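Step one of this worksheet: look at the structure below.
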Amino acid sequence: MFWSSISLSPTAIASPPFPLTELFFPPLSPTPTLTPATFKLRSSSTCCTKTDLTSQHEETPPNPYPKQDETPQAAAAAEEETFQLLTAIHTQYNDILIFDTPQSRMLLLDSTHNVHSVLQKGDEKWTGSYWDEFVSLPPIVPEGPIAIYGLGGGTAAHLMLDVWPSLQLEGWEIDEILIDKAREYFGLSNLEKCNDVGGQLQVHIDDAFSHEQHRPSGYAGIIIDLFSDGKVLSQLQEVEIWLELSDRLMPGGRLMVNCGGVSESSLDGKVQHPSIDDIWMQNTTIKALAEAFPGQVNWKRMPESQGQNYLALTGPLPDLTSWSAMVPSCLSEAVKQWKHCRPLH
């Protein structure tokens, strides 16, 4: 399995006009622009390779699938569409790149250049990726605050407060500079203000695993989206961590987890052909969850066009028909794809 791509334009390869080192420490010149690029969604895979940055002289391949009503000239003009680099900064935790396009703004982190946050422009708020799935959590948890571990630029928070405006969200992010950039470029500060119906986001700059941040009354739900260098944090393959995180939930609360892709360690160098109901076993994070909560873990896998990330949900499998009726129409079919993890033994 290879890194998945988010399609931003008819073409697929980035061609920055200077070396990567200059991206992080750009010269004193007007803000550079990029030709159309492949920006990878955050996931974990067995064949992860960094996307090579092509030279400024390399030609971009033509779009093999122009729109039927699109002239060759119009298609060529689309190929020349540029992406503006808004900021590039190195922090203790991340290499931060923020790009602006006509359709969206994107946050790329670390050497993998994976997309960690997207803010859509115009009327279309949905991302077509796993962030949308997090919006389906509130109807199946008790009333109460929901935490987001791995806030990033706040994509999930934006979507959740847009659909469920009265939510009380608490976002956790370890990188203070990243939060500053999210406030500046992704409208995070707007979410921190109490809206007309009392909903808002409270931001915590701290390690999500810190015991000091435990809420005594518990969370109704915790969304876990924790990655480093393109991989799910190693702690999330430990049963003990999941038991600790579960203790932070109120009765009836649930964890919803972005588990990345197929885990290299789960294959052990062997070719495996699990049944469609057992392919979740290729993901070590879900396996750790299933061991921590026997019979109380559910899973789904995003389609190839949306990154092929595995997602996990703790607790009994909800009634999918009822759940489908409670979420926005664009998610009604998506929630029906959840399946129960069959026992490991």
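The values are calculated or read from the model by the stated rules, or taken from the named source; none is laboratory data. The structure displayed is predicted, hence computed values, not measured ones. Ideal geometry is used to build each Cβ from the backbone, glycine not excepted, and the neighbour counts take in all protein chains shown. With ligands, DNA and RNA removed, areas are computed over all heavy atoms of the protein, side chains included. Shrake-Rupley method; radii C 1.70, N 1.55, O 1.52, S 1.80 Å.
Output yes when any residue across the range 153-161 is at pLDDT below 95 and under 19 Å from the mean Cα position of the chain (by Cα), and no when none is. No: the range 153-161 contains no residue that is at pLDDT below 95 and under 19 Å from the mean Cα position of the chain (by Cα).
Residue count for the range 171-182, restricted to those that are within 18 Å of the chain's Cα centre (by Cα) and open to solvent by 10 Å² or more (accessible area, probe 1.4 Å): 4. For the range 200-312, the helices (runs of 4 or more DSSP H) that sit wholly inside it and include 2 or more residues that are farther than 17 Å from Ile148 by Cα, among the small types (Gly, Ala, Ser) and at pLDDT 90 or above are 284-292.
Among the residues of the range 90-115, the ones that are open to solvent by 10 Å² or more (accessible area, probe 1.4 Å) and under 13 Å from Phe186 (Cα atoms) come to 2 in all. Flag: Glu176 matches the condition of being in contact (Cβ under 8 Å) with a residue 12 or more places away in the chain and farther than 24 Å from Leu311 by Cβ.
Looking at this structure, is Asn298 closer than 16 Å to Gly253 by Cα and open to solvent by less than 60 Å² (accessible area, probe 1.4 Å)? Yes. For beta carbons closer than 6 Å, sequence separation of 6+ or different chains, a first residue in the range 99-114 that is closer than 12 Å to Gln84 by Cα and among the aromatic types (Phe, Trp, Tyr) and a second that is in a strand (DSSP E or B) and modelled with pLDDT under 90, the qualifying pairs are Phe99/Phe83. Scanning the range 220-235 for residues that are open to solvent by less than 40 Å² (accessible area, probe 1.4 Å) and among the small types (Gly, Ala, Ser), which turns out farthest from Glu133 (Cα to Cα)? Among those residues, the one meeting the criterion is Gly230.
Within the range 124-144, the set of residues being part of a loop (DSSP other than H, G, I, E, B), under 23 Å from Leu320 (Cα atoms) and out of contact with any Gly (no Cβ under 7 Å at 6 or more places or on another chain) comprises Trp126, Thr127, Gly128, Val135, Ser136, Glu143, Gly144. Counting the residues of the range 128-170 that are closer than 16 Å to Ser332 by Cα, surrounded by fewer than 22 Cβ atoms within 10 Å (Cβ to Cβ) and of a type in the set (S, T, N, Q) gives 1. Looking at the structure I just gave you, is Ser189 surrounded by fewer than 19 Cβ atoms within 10 Å (Cβ to Cβ), modelled with pLDDT under 95 and not in a strand (DSSP E or B)? In short, no.
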